[in-house]
């Protein structure tokens, strides 16, 4: 079954959320050709406009979301990261960025098969999407790699957020995929610096991920030193 994705449409008086099923480009082309034929036949312009709007929204979902998991795809995630870098430049607010990878995924694929491997990715993505904030962005950027953008979040805060996600994923009941199956992920964290690009942040997070993998399954690492926890008694 193909995953569904949510597209948020922002209006003057709030947010309206609609969900569209993932569709392929061929079906969208058929939709648009049908609307074009209606226009040539003199059909009501309002109906044609509504149809075009729906087709464009679906096309946007296809272009920016991963069909397997319903999370953003690499293109959609990079767009969000670019936007967050622009926002941070304007406001001066920090944010955190993480790259996570399912531990020993290729071994799991070999042992249980690619179909079960896909189910692991789906379940992990849905667990993360259910736990993150609405302002966070989560996407699949590789075979078994995902990325997470945490706006207005210091590294020490994001480290705690990743720890919660790590525990939530490891606590899932994976027995419906394979009895006794245990799934964990490792993560690499970074924060934004002046003049950063999306490519630079992704490279640093990937380097931190490589460090985490050397520490063992379920580990997390970061290249930059996190700020210490705030202690009001120090004031």
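Summary of values
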read-out: Computed over the stretch 83-189: relative contact order in percent, which uses C-alpha pairs under 8 Å that are six or more apart; value: 41 percent
read-out: Rg/Rh ratio calculated on Cα atoms of the stretch 74-222 (Kirkwood radius); value: 0.98
read-out: Inter-centroid distance (Cα atoms) of the stretch 169-189 relative to the stretch 81-105, Å; value: 24 Å
read-out: In nm, spacing of pseudo-spin labels at residue 30 and residue 68 (7 Å Cα→C-beta vector); value: 2.6 nm
read-out: Sites residue 126 and residue 157 - FRET efficiency at Förster radius 22 Å, r taken between beta-carbons, to 0.05; value: 0.40
read-out: Principal axis box of the stretch 137-198, alpha-carbon based, largest edge first, Å; value: 48, 24, 16
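Throughout, read-outs are computed from the coordinates displayed, never taken from laboratory work. From a predicted model like this one, the values you see are computed outputs, not experimental measurements. FYI the Cβ positions are ideal-geometry reconstructions off the backbone, even for glycines, and counts take in every protein chain you see.
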